[in-house]
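Engineer: Just dropping this structure here.
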Amino acid sequence: MDIAVIGGHGKVALLAEPLLAQAGHTVHAVIRNPEQQAEVEATGAQPVLADIATLDAGGWEDLLRDKDAVIWAAGAGGGNPQRTYGVDRDAAIASMDAAGRVGARRYVMVSYFGARPDHGVAADSSFFPYAEAKAAADQHLRGTELDWTILAPSRLTLEEPTGRIDTEASEGGQVSRANVARVIAASLEHSQTIGQFIAFNDGETEIDQALDALS
C-alpha cells in the first residue's frame with residue numbers, strides 16, 4: 001500500500017512508520033516542521049511538508065491523491081481550543097472527505113478510549129474541546145463510504161511493546177504507544193477491523209489474535 005500518515009512526527013506515528021515500511025508499504029509521513037525530516041526519514045518513511053491546519057480542499061486532494069490508505073495520527077495537543085477544533089475536528093473531517101474524493105479508501109483513525117458524543121467531559125474542562133472534536137470527527141468518519149477503522153487506545157504510556165492487548169477491558173486502563181503502533185500496522189492486514197471502533201488496553205491477547213476475534 002501507499003500510505004499517508006497524518007501527524008507523521010507524533011510519538012505513535014514514529015513508532016508505526018518503521019513497522020509499516022518493514023511490512024513493504026510505501027509510507028508518506030505528513031509533517032509541518034522541516035527540521036523533523038531527518039527523524040522521519042530514519043523510520044523508512046518519506047517526509048511530506050504540509051500544514052494540515054491550513055490546507056484547503058484542493059490541498060488535501062493533492063496530499064492524498066494516489067494513496068491507498070490514510071492513517072490519522074495527528075493531534076493539536078490541547079491547550080488551544082481553536083487549534084484543537086481546527087486540527088482534531090475540521091482538518092480530520094477535511095481529510096476524510098478528500099480521501100473519499102480521490103479514492104484513498106482505507107482510513108485508520110487514532111482516537112481515544114472514551115471518544116463518543118456523550119463523552120461526559122465537563123464543558124469547563126480543558127479536555128472538553130478535544131473530546132468534542134474527536135467525537136465529531138469519529139462520527140463523521142462513520143458516515144463516510146470509506147473502509148474505516150477507529151482505534152481507541154486508553155491512557156498512553158512509554159512502556160516497551162508487549163504485542164498483547166485487551167479489546168474487552170473497561171475504561172481506565174493503559175496501553176503503550178508502541179503497542180498502539182503495532183495495532184495500527186496490524187489493522188491494515190485484518191479486514192475484520194473495517195467498520196469497527198476498537199477500544200483497547202494493554203492485555204494478554206496477541207494483537208493479531210485479538211483483531212482476528214473481532215466480528
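The values are calculated or read from the model by the stated rules, or taken from the named source; none is laboratory data. Quick caveat, the model's predicted, so the values are computed rather than measured. A quick note on method: Cβ atoms are made from the backbone with ideal geometry, for glycine too, and the neighbour counts reach across all protein chains shown. Only protein heavy atoms, including side chains, enter the accessible area calculation; ligands, DNA and RNA are left aside. Shrake-Rupley method; radii C 1.70, N 1.55, O 1.52, S 1.80 Å.
Engineer: Quick check on my filter: what residues within region 1-47 are open to solvent by less than 40 Å² (accessible area, probe 1.4 Å) and assigned to a strand (DSSP E or B)?
Structural biologist: Within region 1-47, Asp2, Ile3, Ala4, Val5, Ile6, Val27, His28, Ala29, Val30, Ile31, Pro47 qualify.
Engineer: Taking the criterion of being closer than 18 Å to Ile198 by Cα, open to solvent by 50 Å² or more (accessible area, probe 1.4 Å) and part of a helix (DSSP H, G or I), would at least one residue in region 117-140 satisfy it?
Structural biologist: yes
Engineer: Select from region 88-113 the residues that are part of a loop (DSSP other than H, G, I, E, B) and touching a strand residue (DSSP E or B) at 6+ places or on another chain (Cβ under 8 Å) and list them in ascending order. Write out each step before concluding.
Structural biologist: Of the residues in region 88-113, the ones part of a loop (DSSP other than H, G, I, E, B) are 103-105, 111-113.
Result: Ala104, Arg105, Ser111, Tyr112, Phe113.
Engineer: Between residues in region 75-95 that are touching a residue at least 24 places away in the same chain (Cβ under 8 Å) and over 9 Å from Ala133 (Cβ atoms) and residues that are in a helix (DSSP H, G or I) and of a type in the set (S, T, N, Q), which pairs lie under 9 Å by C-beta distance while being six or more apart or on different chains?
Structural biologist: Close Cβ pairs satisfying both conditions: Gly75/Thr84; Gly78/Thr84.
Engineer: So, one more: Go through region 71-89 residue by residue and tally those that are buried (at least 16 other Cβ atoms within 10 Å of the Cβ) and of a type outside the set (Lys, Arg).
Structural biologist: Qualifying residue count, region 71-89: 11.
Engineer: For Ile184, are the conditions met, namely being in a strand (DSSP E or B), crowded, with 19+ Cβ neighbours inside 10 Å and either at pLDDT 95 or above or in contact with a Gly (Cβ under 6 Å, 6 or more places away or on another chain) (or both)?
Structural biologist: no
Engineer: Now, a different point. Just to be sure before I move on: is Leu151 buried (at least 22 other Cβ atoms within 10 Å of the Cβ) and within 13 Å of the chain's Cα centre (by Cα) in the structure I sent? So that I can check it myself, show each step before the final result.
Structural biologist: Details: buried (at least 22 other Cβ atoms within 10 Å of the Cβ): yes; within 13 Å of the chain's Cα centre (by Cα): yes.
The answer is yes for Leu151.
Engineer: Taking the options Asp97, Asp68, Asp56, Asp51, name whichever one is open to solvent by 40 Å² or more (accessible area, probe 1.4 Å) and under 16 Å from Gln139 (Cβ atoms).
Structural biologist: Working: Asp68 fails: under 16 Å from Gln139 (Cβ atoms); Asp56 fails: under 16 Å from Gln139 (Cβ atoms); Asp51 fails: under 16 Å from Gln139 (Cβ atoms).
After applying the criteria, what remains is Asp97.
Engineer: Mind checking which residues of region 144-161 are in a loop (DSSP other than H, G, I, E, B) and either at positive phi or among the charged types (D, E, K, R) (or both)? Steps first, answer last, please.
Structural biologist: Residues of region 144-161 that are in a loop (DSSP other than H, G, I, E, B), as a first pass: 144-146, 154, 158-161.
Hits for region 144-161 are Glu145, Glu159, Glu160.
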